[in-house]
Structures are given as structure tokens and as C-alpha cells.
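Note sheet for the following structure.
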Amino acid sequence: MEQIKKYNLNHLRELEAESIYVLREVAAQFENPALLFSGGKDSIILVHLSVKAFWPARIPFPLVHIDTGHNFEETIVFRDELTKKIGAQLIVGSVQESIDEGKAVEETGYNASRNLLQTTTLLDTIEKNKFDAAIGGGRRDEEKARAKERFFSHRDEFGQWDPKNQRPELWNIFNGKKNMGENFRVFPISNWTEMDVWQYIYMENIDIPDLYYTHVREVFKRDGVWLANAPFMTRKPSEKVERLRVRCRTIGDISCTGLTESMADSLEEIIQEIAATRITERGGRADDKRSDAAMEDRKKEGYF
Amino acid sequence: MMQEEEFSSKAYLDMELLRFTTAGSVDDGKSTLIGRLLYDSKSIFEDQLEAVKRASIKKGNETVDLSLLTDGLRAEREQGITIDVAYRYFATPKRKFIIADTPGHVQYTRNMVTGASTANAAIILIDARNGVTEQTHRHTFIASLLMIPHIVVCVNKMDLVDYTEEAYEEIKNNFSDFAAKLAVKDVRFVPISALKGDNVVEKSKKMPWYHGGTLRYILENIHIGSDHNHIDARFPIQYVVRPQRDEFHDFRGYAGRVAGGVFRIGERVKVLPSGFTSKVKSIISHTKELKEAFPPMSVIITLEDDIDISRGDMIVKENNGPKIGQDLDIMMCWMSEKPMMLNGKYAIKHTTADARCLIKDVKYKVNVNTLEKVTDDKSIGLNEIARVSIRTTKPLFYDSYRQNRKTGAIILIDEATNTTVGAGMIV
């Protein structure tokens, strides 16, 4: 299905080559890197690219899951199967533990989400395991603050991002030098778009959680977005539960993952749907809707 | 337009990638042009457009300001300027595009250089009313210095000069005279109005005298197949793969990205710096064995003989090696507010090699607006470009930047702060 023209790569192969190059730079430049795995398609692609980058050796870093405790169950099953299949080490950072230890305070109210609390747990997990680089699946097309992100994103000893003082990044030379206590976030799929990700999943036949395909689920509507009904979700009296055929366009914490009404049950259909869609994938993410600079602010504090 | 043309997965899998850079300020209509390219290729989504509409109203604008689409950071929105390089993405049925969108003022030279470093093409915007200006000189000089293979000159705001051929031709001639002094290979011109949409995506009816393609057509059809160096084989070692598993007990693979030329199974190669020779045993991409590898592929190469090889070494062809040396002349763009220290020491990165270096001499500084060489001022500050001589602590395996953008580029790092302070092109 794929033609390589003489000495010319198609764009997916070129993006793949770039990402593999970045992943190998991480392994070479850092002592103790880790891959942030959320169970979503972008981090699944990162794992796939990592396997390709180091094969026949195993991937030289553990997977880290920052677990909000508010997951789609399918994500956890998928996570455990994948780590077993590739023989990787899994480290789980628990938001519930951060709350129990008094390091984070649970939000209350209707829009309560543990998305923000993830930052505390993430920074704690990085510190506890002495990770000097955390690989994430952020893409520049996702959000306007991310459009200015580097492949190698420097963070100070508090894990903060300083958008106005980023290191220039030239050619394919990445500067991972740092002082004690500082670390990096690395984004190997920076240049991929949502469409590239789906086409790559299709081209490489990569397994993804069933949540991405159409299924029947209890949902309710809030601010124009379908959310999954779950025991820890507080509904307003006006928010009625319905059973609909839906699928996830992104997978995050259940409290802020919008679901799309869809009948797509194959990758081809998902791709068709995305080609025709008129809303960005983060349009369904309640965590981005908090303000115009919601992502920028979270990233400054250490969110990935 | 994606949704109207029938979408084909197969065609999408066979697209090429073109990276281009745009330099300019809001006044040139750069943001409008990018907005138009994104909007007309359906790369702007409804919720993004809604957000921009809301922001336009909040700012008191009467029309939707498409330039707001390209502002990322809070400070940029507040000040109405672009500070940093922003990356934008769009696709047409023929190609996928990555735009490195950079601010165009002289104080942002370092951002222009950054955006230009990975580009296959540069769009130079000229306001048809003003003609070729200092800013045009600066942008073109940077594009030529960074060896961007293709330049597309967009003569913008043709609507404001009554769409006349004379205005366009005069600018074209002036630009060509200027470009003749620079190392630019492939220059194309297109008269446009980004605001009205003339010759951006749709062919203009107002300029029947223009017989060339629209900007989008040009971007879709520039031949990028020969942008890489396919002659001089260079494979900088990134990482040595040694699986600790029984079935691959003796496996020793060298991971890297081909920086030049073509490597084939069975060919004789030489490893630098040791100088030992061997043969390519296999070229591996995951579970696939390949017959050959070329830029910009990321592969693993194994050799017939057991040679001690580590990161920073380079595999080349036996009869075609790079230059090897410690004394280099560099065109340096300075990227730090702390001026360059003559006789100062810096960390240097070149391909996958790390070393330290000493700045021995400043030969001249370039006035980026007039291209004059300044020889009596050796102080190099932020955004300045100069030819300097350096000496490295160990030999580098390099080509001139002109020959190979991968093996001819270096960065300098301040050893106290670890920040990147210089971008250099080996002369």
C-alpha cells in the first residue's frame, strides 16, 4: 500500500524517521529518561516508535502512567497488556496517593477534574525516580501554546516551562545539557498532526483501545459536550443520562474526555470522519476550555 | 478542500512533506497569507475560528483578524506581535506542509535562522507598494546563508497597485539583481493579494498577464527530491544497540540517521576516527531488512567486522570521506544576549559529536541589511552574524555547509548556563 519513490520518503516515513531520531537522542543524551504513557493514541504511537527505534533491544526506558484514578477501565487493561507484550517496566504515579498524602487537594463542584492535580503527581514521580527526561506525546497542532514548544523542552528545578526563554532549536541538533535538578520534557511527535497519527496507526496496523471505535455508553451533555457517566461524576439535575453510540477522539481522564457521536468501527471510517470533521480534537477537552491560556498556564507549572 | 474532494487514504499515504519558512511582520500581510493558506485548505477548525472571532470582537476589530490564529503565547496576544517561531500544519491532497512562522524584524534574526534551518523552501513577502527593501535583503540573505534550496518571492498587495504588470516586473528585476550576489539556486515569483485571495489558492482573474501557477500550486510542485545530498555517504552514530537477550546475543548495531549519500549492503565502509574498514552486513529498520538507506532515514547498520564504535563516530564510504580537522571557519549567528567572547570557550555540538571549542578570531561581521562586511568591530552580540575561526578540542568529521546541511552545521553552548548561544555554518 505504500510506495517509496526513488530516494524519497513519503511524509509519514519522514515523520517516523524524525521521531525515531529524537527518541534515540533521548536514550543517548540522558541518564534516566521515562516515557509518559496515558493510554491514549499519541502515547501508544510513542511506544510503537520506541520499539522500532531500539529493536532488537528492548526500549531503554520505563513507561510512566500518571493515574488520576478516574480512568476508563479499558485504558488500564490495554496499558497492562501492552507493557507485558513489549517487556517494559511500568511505573504508576497515583493522584489518589498525592491527595491522601495531602500534596494535592481534590477539586469540588460540577466541573471538578483531577487533570490539574496530575501536575503535582507528575512532578513528584519525576523527582522520586530521578528522571532527567520525560518523553510525552504532545503535538504542536493540538493547541496554540504547544505550537511554540521545542522537541527538547527545558524545565527548571521546579518543573516549570518558561515560554519566553526557550532554547533555540536548530537543524536536528538537540541540546539536552542541564544543571543538577533540572530536567527535560521531550516531544518526539511534535510535527505530527491528528491526521498523521491516524494514518500511521492505519499504515502500521497498531492496536488501540476499543474506546476509539463506536460503542454504546451512558453519557450526559455538559456545555455542548458528551461526557461519560461514571460513579465519581457529579451531574446537575438538568443533565440527563442517555445511552448513545459514541467513540473517543482523545482519551484522557474520564472527567474531561468528550465523546463524539459516531458509528465508525474501523480505522478507515475513523479517518474519513476526521477528514470531514470541523472541530479540533481538543475542542472536546474540558481542561482546555477553562481560559484562553489554560494550556500555557498549566505547562508553565509543569504539566506536559 | 478536504471535505469536498473525495478523501483517499491511499493518496494520503503517498504524500511528500515540504517544510517552508515565512518571515515577515504583520504589515507585510504575512499572518493574513498564512491564515489564507490554512483557511482555504480547510486546516482551520470551527472552534478555532470561533475563538478568533471572539478575540477579534474583544479587541474591537470590525473584521475577523486571521492573524490571531497564529499568535500562541499570552504575551504575544497582549502585544500583538510574534516573539517565537511557531509551527503550523496543513495538507492539500498533494502534499503535507509544515510552516515555520517567524517574526521578521531585525531583532528576531535568531528566530528567522532557527526557522530556516530545517526548511526546504522560503517564502519572501514583498509589499508591492514598497518594492525591495532592507527587510527583503535581510530575509533573502538569511535564506541563502542557511542554504534553503527554494525561494518563492510573493509580491503581495497587488490589489493596491491596480494589479499592474509593470509594478510586478520592476520588483522582480530588482530582486533578481540583488539575488545574483547571493547563493540562491531556485527563485520563483508570484504576484498575489493575500487579503483578496488572488493567486494564493485560486488563480486571479485580475492579472491575466501572469501565466505562472498560484502560490499553492508552486508549493505543491517544487521538486524536493534532490534537496538532500545523495552523493557523499555520511552516517553519524547516534546510539549503539546491544540487546541483552539470548536470540540476539552477538548483535551489535549502530543506530543513526543517514546524513548524506546512499548506504548499501555489501559495500565497503570506513569508520571515523579509527579509520578501520569493513563491509555493511545489514541495514535494519525494526524487523525489516533493507537493501539500502538514504537521507533522512533512521536505521540501524551492522558491520561484518567487530570494530570499537561509539556515539559521535561516523561511518563513511572508503573512498569518499569528509574533512577532518580542529580548525574551522564558521558563519556564526549569535543567539544570546550575552555577547560572544573572543578567546572564550564554549561547548560545541556537531552531528552526534560533542566537544569544546575556543573562539580564536572574528574575521568580519555582516550587516544583514546591506550585506556589507564590517572588519573593524569584533564584538558580536545578539542577532549578529559574523565569520569566525574556532579551534575544537578534538577533530570533527565535517563537510562544508554548502555541501551538506547536516554535516556542515554546529551549535555552541554556554558552559555556565547550558543554553544554546550560537548557530554556525561551516565554510
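Just one of (1) in contact (Cβ under 8 Å) with a residue 40 or more places away in the chain; (2) open to solvent by 10 Å² or more (accessible area, probe 1.4 Å); (3) of a type outside the set (Phe, Trp, Tyr) fails for A:Met233. It is (1).
Of all the criteria given as (1) farther than 30 Å from A:Glu204 by Cα; (2) within 14 Å of chain A (Cβ to nearest Cβ); (3) among the polar types (S, T, N, Q), the one not satisfied by B:Thr302 is (1).
Within 28 Å of B:Asp101 (Cβ to Cβ) and surrounded by 19 or more Cβ atoms within 10 Å (Cβ to Cβ): is that true of A:Asn183 in this structure? Judged against the criteria, A:Asn183 is not a match. Residue count for region B:408-427 satisfying the condition of being within 13 Å of B:Asp354 (Cβ to Cβ) and either in contact with a Cys (Cβ under 9 Å, 6 or more places away or on another chain) or surrounded by fewer than 24 Cβ atoms within 10 Å (Cβ to Cβ) (or both): 5. Selection of region A:246-264 for residues being surrounded by fewer than 16 Cβ atoms within 10 Å (Cβ to Cβ) and in a strand (DSSP E or B) yields only A:Glu261.
Elements of the type helices (runs of 4 or more DSSP H) sitting completely within region A:71-157 and holding at least 1 residues that are free of Cβ contacts under 8 Å to residues at least 40 places away in the same chain and over 30 Å from A:Met195 (Cα atoms): these cover A:95-100, A:117-128. Number of residues in region B:210-239 that are closer than 30 Å to B:Asn320 by Cα and either facing another protein chain (nearest Cβ under 9 Å) or surrounded by fewer than 17 Cβ atoms within 10 Å (Cβ to Cβ) (or both): the value is 9. Looking only at residues in region B:397-407 that are buried (at least 22 other Cβ atoms within 10 Å of the Cβ) and over 14 Å from the mean Cα position of the chain (by Cα), the one that is nearest to the other protein chains (Cβ to nearest Cβ) is B:Thr407. Among the strands (runs of 3 or more DSSP E) confined to region B:101-208, the ones with at least 1 residues that are open to solvent by 30 Å² or more (accessible area, probe 1.4 Å) are located at B:186-191. For region B:321-362, a residue qualifies if it is in contact with an Asp or Glu (Cβ under 6 Å, 6 or more places away or on another chain) and either at positive phi or open to solvent by 10 Å² or more (accessible area, probe 1.4 Å) (or both), and exactly one does: B:Pro322. Residues in region B:107-158 that are among the charged types (D, E, K, R) and out of contact with any helix residue (DSSP H, G or I) (no Cβ under 8 Å at 6 or more places or on another chain): B:Arg110, B:Glu134, B:Lys157. Please work out which one of (1) in a strand (DSSP E or B); (2) within 30 Å of A:Asn10 (Cβ to Cβ) is the condition B:Arg311 fails and give its number. Going through the list (1) in a strand (DSSP E or B); (2) within 30 Å of A:Asn10 (Cβ to Cβ), B:Arg311 breaks only (1).
Residues in region B:68-98 that are modelled with pLDDT of 65 or more and either outside any strand (DSSP E or B) or over 22 Å from the mean Cα position of the chain (by Cα) (or both): B:Leu68, B:Leu69, B:Ile83, B:Asp84, B:Val85, B:Thr92, B:Pro93, B:Lys94. The set of residues in region A:31-56 being in a helix (DSSP H, G or I), within 14 Å of another protein chain (Cβ to nearest Cβ) and open to solvent by 10 Å² or more (accessible area, probe 1.4 Å) consists of A:His48, A:Val51, A:Lys52.
The values are calculated or read from the model by the stated rules, or taken from the named source; none is laboratory data. Source: prediction; values computed, not measured. Neighbour counts run over all protein chains shown; Cβ positions are idealised from the backbone, glycine included. Please note that ligands, DNA and RNA were not included when accessible areas were found on the heavy atoms of the full protein model with its side chains. Shrake-Rupley method; radii C 1.70, N 1.55, O 1.52, S 1.80 Å.
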